[in-house]
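Participant: Have a look at the structure that comes next, please.
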Amino acid sequence: MDIAALLLPYDLTVSTVSRLDGYASINYKLTTAEGTFVLKHYQDPSEYDLIRAEDLLLSQVKHLVAFAVPGAAFPLQKLEDGTFTRVIPFIKGQLLADANRSDALLFNLGGCIARLHLAWQEMRSAPVEARKLFWDMEYTLLNLPKMGFITDPRDRKLVHYFYDLFAHHILPRQNGLRHSLLHGDLNDNNILVEGDLVTGFIDFGDLTYSPLIYEVAIALAYIILAEPEQPFEKAAHVLKGFHQQVPLTREEVQLLYYLIPARLCVSVCNSAEAKSRGVDTEYILISERPAWNFLQRWISINPLWLNHFFCQQLGLPFEFPDIDQLLAQRTRLAGKSLGLSYTSPIYLTGGAFQYLYDQTGNTYLDAYNNIPQVGHAHPRTVQCLSNQVRTLNTNTRYLYLEWVRCAEMLTERLPTQLCKVFFVNSGSAASDVAIRMARLHTERHSIAILEHGYHGNSISGIDISSYKFDGKGGPGKPDHIISLPLPNLYRGKFSNAQAYVDDAIQTLSHEIGQGNYPAAFIAEPISGCGGQVPLPPGYLPQLQAFLEQHRVLTILDEVQTGFGRLGSHYWGFEMQGVVPDILVLGKPMGNGHPVAAVVTTEAIADSFANGMEFFSSFGGNPVSCAVASEVMAIISDEGLQENAKVVGAYLLDKLRALQSLHPQIGDVRGQGLFIGVEFVNLEGHPHARLAEEVKEAMKARFILLGTDGPDQNVIKIKPPLCFNTANATHLVEQLGQVLRELNP
Ligand code: PMP
């Protein structure tokens with residue numbers, strides 16, 4: 001409809017008309033003899049009652065506040081086609097988006113938001129209250145299906161995570177929160193300012209009746225977006241201004257951590273949906289890029305830190321959890337063999353992706369924990385676990401889909417001969433089953449192992465783990481164990497793979513010559529406890545050829561190396577170009593949920609079926625299987641193996657560059673995101689103290705690492721696979737600083 005027709009019902013002497021941006025209506029700016037106005041042409045007839053209600057509320061409220069709001073200038077006009085128009089005064093002023101956001105201005109903004117609430121505190125509006133709007137934070141989760149429009153699975157993960165937090169922390173409290181009429185979209189393009197003063201709020205198109213704190217959260221979200229340098233300090237001014245007029249409760253303040261990102265998730269979901277429809281207007285996409293940066297950054301903010309900061313700014317009480325009390329309780333209850341890392345232990349209260357949060361609000365970059373393979377609190381694993389627990393959890397004596405799906409996904413990722421799957425709940429249980437299988441299949445008892453290896457904490461696990469039986473408190477090597485040197489090319493008996501192969505064959509031949517035939521040889525493709533020592537190329541193929549000749553099975557323990565961590569390969573054995581007879585899996589398989597597995601050939605599985613049933617109460621239950629399947633799917637969907645390859649190679653490069661500056665870094669080795677940095681003194685001997693000091697100093701810089709190796713002089717880096725290049729850069733920069741400080 002042309003503008004002249006739209007203007008007919010209004011008694012205005014119009015001189016100029018120009019189009020304005022608009023979302024729910026087509027907007028025109030009118031310059032007239034009577035003043036400047038905005039004509040809004042609403043396309044959806046069903047909105048009439050709502051817009052009339054908005055008009056009514058604004059015309060009442062405009063007399064009660066010291067800043068301008070677009071109260072009605074004329075009655076609404078219905079057109080023949082059901083569409084309708086509305087003329088409101090044009091409010092002049094500078095957009096907050098374009099203004100210098102001084103502290104005083106932000107404080108005043110908070111005050112004005114509170115004043116708006118106070119002004120319409122007594123007012124109610126049935127059409128507004130009945131409204132179900134995607135942008136009303138009360139209906140945040142209506143936007144959840146729109147996540148499907150987000151094309152990058154890593155972005156989708158972020159949004160999913162924050163929606164999940166909303167569902168978990170906000171929804172159950174929502175009805176109990178104090179409600180109010182809200183502007184609903186106090187972003188910095190809807191706020192007009194002059195100097196340090198707020199002169200008006202515009203665009204009440206998202207007017208809702210919702211929890212009051214949502215109004216504050218929305219305003220803060222946009223302030224934080226606009227102020228990446230000092231986001232929280234700036235936000236605090238708004239909060240303080242509000243709190244002075246309308247005191248907030250501690251509970252309301254504590255919800256902000258979840259509400260602020262939820263708002264931006266709604267924004268990016270709607271942008272994604274609009275993009276999928278081919279709508280690509282700048283107006284809709286205006287806040288997308290900073291919003292993504294913001295969401296990524298929010299993950300690294302400990303909720304306790306933000307809660308404490310805001311409470312402190314408002315003078316509200318706040319107490320951090322007490323570490324001393326917890327430590328004392330644990331010490332009372334735990335045996336002394338239960339260890340704690342670091343000279344002063346870390347009390348963890350949460351975590352997300354590659355970050356962990358402690359009880360005083362710190363955030364640690366987790367470069368050490370390889371169990372949460374796809375990241376701490378991955379929303380898909382969280383959802384999968386809770387869905388499956390809710391649906392069915394039973395044992396393998398019944399048929400259910402999840403077992404089959406998981407076994408299928410696992411075997412699809414393995415060579416065809418590894419086709420029989422046995423689920424258990426720990427790497428220890430898996431290595432134990434693997435040993436039993438090998439013994440039954442070969443009818444032999446001895447096991448060949450590599451020095452410094454670790455395979456489990458059960459009796460048989462300790463028996464086959466030189467790391468334990470040769471270590472502190474260990475009973476020494478059992479008679480039925482044949483120990484072979486770890487083929488460590490940097491520090492070991494020999495400096496090439498061939499010499500290690502020859503040595504192993506010689507030892508094994510000697511044992512066999514004495515009638516001591518081993519059932520199996522067990523090793524890790526990269527020895528974790530041995531200090532991140534990769535088996536040198538060619539080692540396993542040659543050794544396995546010998547083992548096969550003598551009917552000795554190869555068991556590979558991929559508890560640490562499996563599931564894409566090595567980047568170049570999904571499994572460590574692929575690096576060596578061999579296929580084990582039995583594969584032991586665990587740790588990352590359930591992203592922290594206890595699920596592990598043994599996979600073997602049909603012939604070995606048949607030998608294992610000697611009449612004794614294999615049963616594990618929890619092993620292979622629907623929940624474990626569902627989450628393990630989900631982990632494999634996430635690794636594929638998010639390209640985490642590729643990420644491990646790219647980020648791992650980058651990290652290795654950076655570490656090697658650091659090595660060239662510091663002779664104390666004797667060796668940098670590993671593959672993908674499974675890396676070891678070996679510390680030595682100037683004579684090249686293991687320098688355990690330095691490794692320990694580095695680990696402690698990195699903790700003080702909020703980066704988690706571990707030490708290991710027979711001499712405890714190797715720093716282990718094995719983060720969740722979502723670790724990114726920025727994290728890697730930060731790690732190496734901090735490590736460099738630590739080394740400079742420790743060795744001036
Ligand atoms: N094998 C290897 C290589 C391991 O690293 C571990 C655990 N560190 C295990 C087996 C034992 O697994 P779990 O602790 O789940 O029993």
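Participant: Can you pull out the helices (runs of 4 or more DSSP H) entirely within the stretch 411-521 that have at least 1 residues that are more than 16 Å from the ligand (Cβ to nearest atom)?
Facilitator: The qualifying helices (runs of 4 or more DSSP H) are 427-442, 497-513.
Residues are listed down the side, and each one gets a yes or a no for (1) touching a residue at least 24 places away in the same chain (Cβ under 8 Å); (2) farther than 23 Å from Leu141 by Cβ:
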site	(1), (2)
Ala219	yes, no
Val246	yes, yes
Ser276	yes, no
Glu288	no, no
Phe294	yes, no
Trp298	yes, no
Ile301	yes, no
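Participant: Moving to a separate point now. Scan the stretch 146-163 and give yes if some residue there is among the aliphatic types (A, V, I, L, M), surrounded by fewer than 19 Cβ atoms within 10 Å (Cβ to Cβ), out of contact with any His (no Cβ under 9 Å at 6 or more places or on another chain) and within 23 Å of Leu186 (Cβ to Cβ), otherwise no.
Facilitator: Scanning the stretch 146-163 turns up no residue that is among the aliphatic types (A, V, I, L, M), surrounded by fewer than 19 Cβ atoms within 10 Å (Cβ to Cβ), out of contact with any His (no Cβ under 9 Å at 6 or more places or on another chain) and within 23 Å of Leu186 (Cβ to Cβ).
Participant: A further question on this structure: Within the set of pairs 6+ apart or on separate chains, which have a first residue in the stretch 447-463 that is at positive phi, a second that is among the hydrophobic types (A, V, I, L, M, F, W, C) and more than 7 Å from the ligand (Cβ to nearest atom), and C-beta atoms under 6 Å apart?
Facilitator: From residues that are at positive phi, the pairs are His452/Leu486.
Participant: Tell me the residue from Ser59, Ser102 that is surrounded by fewer than 19 Cβ atoms within 10 Å (Cβ to Cβ) and more than 46 Å from the chain's Cα centre (by Cα), please.
Facilitator: Ser59
Participant: Search the stretch 674-714 for residues being part of a loop (DSSP other than H, G, I, E, B) and in contact (Cβ under 8 Å) with a residue 60 or more places away in the chain, and hand back the single one that is nearest to Gly531 (Cα to Cα).
Facilitator: Taking the candidates together, the pick is Gly709.
Participant: Among the residues that make up the stretch 734-743, is at least one of them part of a strand (DSSP E or B) and either touching a residue at least 40 places away in the same chain (Cβ under 8 Å) or closer than 25 Å to Leu340 by Cβ (or both)?
Facilitator: No.
Participant: Given the residues Met147, Met137, Met123, which is the only one that is in contact with a Ser or Thr (Cβ under 7 Å, 6 or more places away or on another chain) and touching a residue at least 60 places away in the same chain (Cβ under 8 Å)?
Facilitator: Only one candidate passes the filter, namely Met137.
Participant: Next up: Can you pull out the residues in the stretch 584-616 that are over 27 Å from the mean Cα position of the chain (by Cα), more than 16 Å from Thr411 (Cβ to Cβ) and within 16 Å of the ligand (Cβ to nearest atom)?
Facilitator: Correct list: Ser616 only.
Participant: While we're on this one: Assess whether Arg551 counts as being within 16 Å of the ligand (Cβ to nearest atom), basic (Lys, Arg), in contact (Cβ under 8 Å) with a residue 24 or more places away in the chain and not in a strand (DSSP E or B).
Facilitator: No, not satisfied.
Participant: Tell me which residues, restricted to the stretch 719-744, are surrounded by fewer than 22 Cβ atoms within 10 Å (Cβ to Cβ), over 17 Å from Tyr355 (Cβ atoms) and not charged (D, E, K, R).
Facilitator: Of everything in the stretch 719-744, those that are surrounded by fewer than 22 Cβ atoms within 10 Å (Cβ to Cβ), over 17 Å from Tyr355 (Cβ atoms) and not charged (D, E, K, R) turn out to be Val732, Gly736, Gln737, Val738, Leu739, Leu742, Asn743, Pro744.
Participant: Could I ask something else about it? Go through (1) out of contact with any strand residue (DSSP E or B) (no Cβ under 8 Å at 6 or more places or on another chain); (2) touching a residue at least 12 places away in the same chain (Cβ under 8 Å); (3) not acidic (Asp, Glu) one by one and return the number of the condition Pro518 breaks.
Facilitator: (1)
Participant: Residues in the stretch 223-230: is at least one more than 28 Å from Leu50 (Cβ to Cβ) and free of Cβ contacts under 8 Å to residues at least 24 places away in the same chain?
Facilitator: The answer is yes; a qualifying residue exists.
Participant: Could you list, in sequence order, all residues of the stretch 365-395 that are basic (Lys, Arg) and either touching a Leu at 6+ places or on another chain (Cβ under 9 Å) or surrounded by fewer than 22 Cβ atoms within 10 Å (Cβ to Cβ) (or both)?
Facilitator: Within the stretch 365-395, Arg390 is the sole residue that qualifies.
Participant: Which ranges mark the helices (runs of 4 or more DSSP H) fully within the stretch 204-285 that have 3 or more residues being at negative phi and at pLDDT 95 or above?
Facilitator: 212-226, 231-245, 250-276
Participant: Looking at this structure, is Ala352 buried (at least 19 other Cβ atoms within 10 Å of the Cβ), of a type in the set (Gly, Ala, Ser) and part of a helix (DSSP H, G or I)?
Facilitator: Answer is no for this residue.
Participant: Residues to consider are Thr561, Thr601; find the one that is more than 15 Å from Ser428 (Cα to Cα) and touching a Phe, Trp or Tyr at 6+ places or on another chain (Cβ under 9 Å).
Facilitator: When all the criteria are applied, what remains is Thr561.
Participant: Can you spot a residue in the stretch 681-695 that is of a type in the set (A, V, I, L, M, F, W, C), crowded, with 22+ Cβ neighbours inside 10 Å, within 25 Å of the chain's Cα centre (by Cα) and at pLDDT 95 or above?
Facilitator: no
Participant: Quick one: Ala644 ticks every box in (1) buried (at least 23 other Cβ atoms within 10 Å of the Cβ); (2) at pLDDT below 95 bar one, so which box is it?
Facilitator: (2)
Participant: Which members of the stretch 396-439 meet the condition of being polar (S, T, N, Q) and surrounded by 23 or more Cβ atoms within 10 Å (Cβ to Cβ)?
Facilitator: Matches in the stretch 396-439: Ser428, Ser431.
Participant: Let me ask something else. Does Gly195 fit the bill of being crowded, with 22+ Cβ neighbours inside 10 Å, in contact (Cβ under 8 Å) with a residue 24 or more places away in the chain and under 24 Å from Leu105 (Cα atoms)?
Facilitator: Against the criterion (crowded, with 22+ Cβ neighbours inside 10 Å, in contact (Cβ under 8 Å) with a residue 24 or more places away in the chain and under 24 Å from Leu105 (Cα atoms)), Gly195 does not qualify.
Participant: Sticking with this structure for a sec: Anything in the stretch 300-343 that is exposed (fewer than 11 other Cβ atoms within 10 Å of the Cβ) and assigned to a loop (DSSP other than H, G, I, E, B)? List them, or say none.
Facilitator: Selection gives Gly315, Pro317, Glu319, Gly335, Lys336, Ser337, Leu338, Gly339, Thr343.
The values are calculated or read from the model by the stated rules, or taken from the named source; none is laboratory data. Small disclaimer: the values here were computed from a predicted structure and weren't measured. Methodologically, a virtual Cβ is constructed for each residue, glycine included, from the backbone with ideal geometry; neighbour enumeration extends over all protein chains shown.
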